[in-house]
Amino acid sequence: YTYDLGNYIWSLGIDSAITSSEKNIMLINKAEKIRALGANKIYAYQLELLNQAEQLLPAFENKKNALDHTETLLEAKNRLTKQLQEQFEKGYMDRLDLELELAKLYEVDKKYHKALYNLIYTGLDAERIMQKPIITYKAYFINEE
């Protein structure tokens, strides 16, 4: 059967049925490839997320241990500062010696604040990894074959 639709002619019959079934098979194969590609992307993304999460725990533990260590140093520094103040008040040392000794102890404060910053930054890094979007607008509309 032949149908004239104006700008093109349709031919219906056995030949058209065979080509359309082949077209369907090709489209089904293409859809299966796209689905497999999407599944592989999701699997790769899951692996990447798991690897990053596994690296976070040891990093967080190291930063927490460093902070705990500097907290003990800070406590020792505070005790030493009290002792130095008492020696100054009793007259065993003058103001210049007291300030020189206190200036040496500021390194402990610096280490404490650096360890605290590193721990907070590790927490923010963990939050960034866990809240990473799975689908972005750009990736959703790209036609991949």
remark   = Of 88-101, 107-120, ordering from highest average Cβ density within 10 Å down gives 107-120, 88-101
request  = Could you run the Karplus curve 6.51 cos²θ - 1.76 cosθ + 1.60 with θ = phi - 60° over region 78-92 and give me ³J(HN,Hα) per residue in whole Hz, x for Gly and Pro?
outcome  = 5, 5, 5, 5, 4, 4, 5, 4, 5, 5, 5, 5, 7, x, 6
key: Only Lys, Arg (+1) and Asp, Glu (-1) charged, at Cβ; region 16-118 dipole about Cα centre in debye   = 700
task = List, in the order given, every pair from LYS64/LYS111; LYS63/LYS110; LYS77/LYS104; LYS64/LYS104 whose Cα-Cα distance in the structure shown is over 22 Å.
result = LYS64/LYS104
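Laboratory data are not the source of any read-out in this text; all were calculated from the coordinates shown. Everything numeric here is computed off the predicted structure, so don't read it as measured data. Glycine gets a Cβ as well: all are built from the backbone with ideal geometry, and neighbour counts include every protein chain shown.
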